[in-house]
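Below you'll find the structure, written out as C-alpha cells, and then a few comments.
The values are calculated or read from the model by the stated rules, or taken from the named source; none is laboratory data. Being a predicted model, the structure only gives us computed values, none of them experimental. Using ideal geometry, Cβ is built from the backbone for each residue, glycine included, and neighbour counts are taken over all protein chains shown. When the accessible area is computed, the model is the full protein with side chains, heavy atoms only, and any ligands, DNA or RNA have been set aside. Shrake-Rupley method; radii C 1.70, N 1.55, O 1.52, S 1.80 Å.
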Amino acid sequence: MNRKSPTLLSSHIVDHHAVITLCADHQLDDFKGHFSTFSLLPGVSQIDWAVHFATLYFSDMPTEFKGMDVVKFQQPILPNTIITLTLDWVIDKQKLHFSFSSLTPENEKIIHSSGKITMGITA
C-alpha cells in the first residue's frame, strides 16, 4: 500500500510556532524512485511537508510560494525515521522557518534540513 503523507504522531502549536512529530513511513510515494538502491526523502518533499503543515496550522499565513533562502539539506531522512518538524511563521518578514530533526539512539539531535521559505499573496 502506498501512502502520500507521513504519519502524524503529535503536534504542539502555540501562536506561530509548531513542533510536529512525524513518521516518514517506508510506504510513502516520496521514497520511490529517488535513488533505486538507497531510499531517502527528497528535499522537495521536505519543503512540501513544511509548507503543507504550516498552512494547516497557521491560518493567517499566505499560501503563495515566493521563494527560499538559506536552505540546507545536511543529513538524509531514511524510511521509517521519526522526525520532528519545527515551524516558525515570522509575520513581519513573511518567512516560514523550518527544520527537520531526529534523535539518535544515544539521544543526540540530528539536523536533517532547515531553511526559510517566503510566502505571500499575489498582487
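Label-point separation (nm) for Gln75 and Ser59, each offset 7 Å from Cα along Cα-to-Cβ?
Label at Gln75, label at Ser59, 3.6 nm between them.
Send over a whole-number figure in Å² for the accessible area per residue of the chain, probe 1.4 Å. Could the numbers behind the result be given before it?
Working: 7100 Å² over 123 residues.
With the other protein chains kept in place, the chain gives 58 Å² per residue.
From largest accessible area down, sort Thr37, Thr104, Thr55; use a 1.4 Å probe on the protein chains. The partial results should precede the final answer.
Values: Thr37 135, Thr104 30, Thr55 55 Å².
Final ranking, largest accessible area leading: Thr37, Thr55, Thr104.
Mind ranking Ile47, Ile13 by accessible surface for me, highest first, 1.4 Å probe?
Order by accessible area, largest first: Ile13, Ile47.
What does the charge add up to near Thr55, with Lys and Arg as +1, Asp and Glu as -1, over the other residues with Cβ less than 15 Å from its Cβ? Mind showing how you got there, number by number?
On the way: positive: Lys66, Lys95; negative: Asp48, Asp60, Glu64, Asp88.
Result for the local shell: -2.
Per 0.36 nm of contour for each residue apart, how much would the distance between Lys32 and Val14 grow if the chain were fully extended, relative to their Cα-Cα spacing?
Gain on extension, Lys32 to Val14, equals 3.0 nm.
When only Cα pairs under 8 Å and 6 or more residues apart are kept, what is the percent relative contact order across the range 6-118?
Numbers: 212 pairs, mean separation 31.0, N = 113.
About 27 percent, as a whole number.
How far apart, in nm, are two points set 7 Å out from the Cα along the Cα-to-Cβ line at Met68 and at Thr86?
Here the modelled spin labels are 1.9 nm apart.
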